[in-house]
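Peer 1: Okay, handing you the structure first.
The values are calculated or read from the model by the stated rules, or taken from the named source; none is laboratory data. If you're wondering where the values come from, they're calculated on a predicted model, not measured in any experiment. Neighbour counts run over all protein chains shown; Cβ positions are idealised from the backbone, glycine included.
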Amino acid sequence: MGYEQALADYITATNSHDFRNVRSMLAKDAVYWFSNKTCRSLEEIQQYFENAWQTIKDEVYRATDVEWIATEENTATCIYTYQYEGYYNGDYVQGSGRATNVFIKDVDGRWKLVHEHLSRL
């Protein structure tokens, strides 16, 4: 699996709303920068994801305008526009922002997400 497939699989895992699927895509030392919080452990990342899934019901997350800005044998970095839609307190909501994802290849040759930075437009 290449880094482009790793991003696609990460988006699919996110949309499963099951953190076990997301965790399988993450490096053990992953760091997330959200607009309102920094998560430095898999447990913190899990809490953030699960809270988001409880807040925005039936959320669908998408990555558009993906641009791979640095790719090497063992690292790849992309930027993209993220889009989400779902239901907040029963009302349909949608939004978007900017994302940066950094992938590394682990010792088994699998691409893992080591950093994500999300910010509003």
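Peer 1: Out of all the residues in the range 1-55, which are modelled with pLDDT under 95 and among the aliphatic types (A, V, I, L, M)?
Peer 2: Met1, the sole residue that qualifies.
Peer 1: Within the range 16-32, can you find the residues that are of a type outside the set (Val, Ile, Thr) and surrounded by 15 or more Cβ atoms within 10 Å (Cβ to Cβ)? Break it down stepwise before answering.
Peer 2: We begin by selecting, within the range 16-32, every residue of a type outside the set (Val, Ile, Thr); these are 16-21, 23-30, 32.
Result: His17, Phe19, Asn21, Arg23, Met25, Leu26, Ala27, Ala30, Tyr32.
Peer 1: Now for a different question. Could you check the range 1-118 for strands (runs of 3 or more DSSP E) lying wholly inside it with 2 or more residues that are free of Cβ contacts under 8 Å to residues at least 40 places away in the same chain? Outline the logic, then answer.
Peer 2: Values: elements: 26-33, 57-71, 75-88, 91-105.
Filter on the range 1-118 gives 57-71, 75-88, 91-105.
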